[in-house]
Amino acid sequence: MLKEIACPSCGETEELAGDRVDSAITMRCDVCGERWERDLTPECQSCGSKDLVTVPHAIVEKSRGTQLSVVGTRLINLCSTCDAESIEQWQRNRPNPLLPRVLPTVGDVDDVLSE
Ligand SMILES: [Zn+2]
Ligand SMILES: [Zn+2]
């Protein structure tokens, strides 16, 4: 659901057009002609909060034998409200990346991946 956007110049909220360019949206106001860029600010999908924390998240793969190894990280956004527990966990273990909440256990990695 889109939050209401208003023209910073005249306050128009309806006659607006936007072009998405990479990670931003170039907005244009059809009333006064103002143009501006709107960041695609991520928001929590559960509560809509924009108070997010960017956390490195471990990508875990089963390696030879019984070991699980971290093969990389990707940045994810965690909601400071909904994901408070995970953020806390990450802060405790910094600078290590946050491990997936459910580590694939040896033997059912395929099950986890195909879910
Ligand atoms: Zn305007
Ligand atoms: Zn949230």
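Remark: the Cα gyration tensor places segment 46-106 in the prolate category, a/c being 1.5 or greater and a/b exceeding b/c.
Placing a pseudo-label 7 Å from each Cα along the Cα-to-Cβ vector at Cys47 and Ala24 gives an inter-label distance of 3.0 nm.
Using the Cβ-Cβ distance between Ala17 and Ser80 with R0 set to 35 Å, the FRET efficiency works out to roughly 0.60.
If you count the DSSP beta bridges with both ends in segment 46-106, what percent of them are antiparallel, to the nearest 5?
Numbers: 11 of 12 bridges.
Just about 90 percent of them are antiparallel.
Laboratory data are not the source of any read-out in this text; all were calculated from the coordinates shown. Worth saying up front: this structure is predicted, and the values here are computed from it rather than measured. So basically every Cβ, Gly included, is an ideal-geometry build from the backbone, and we count neighbours across all protein chains shown.
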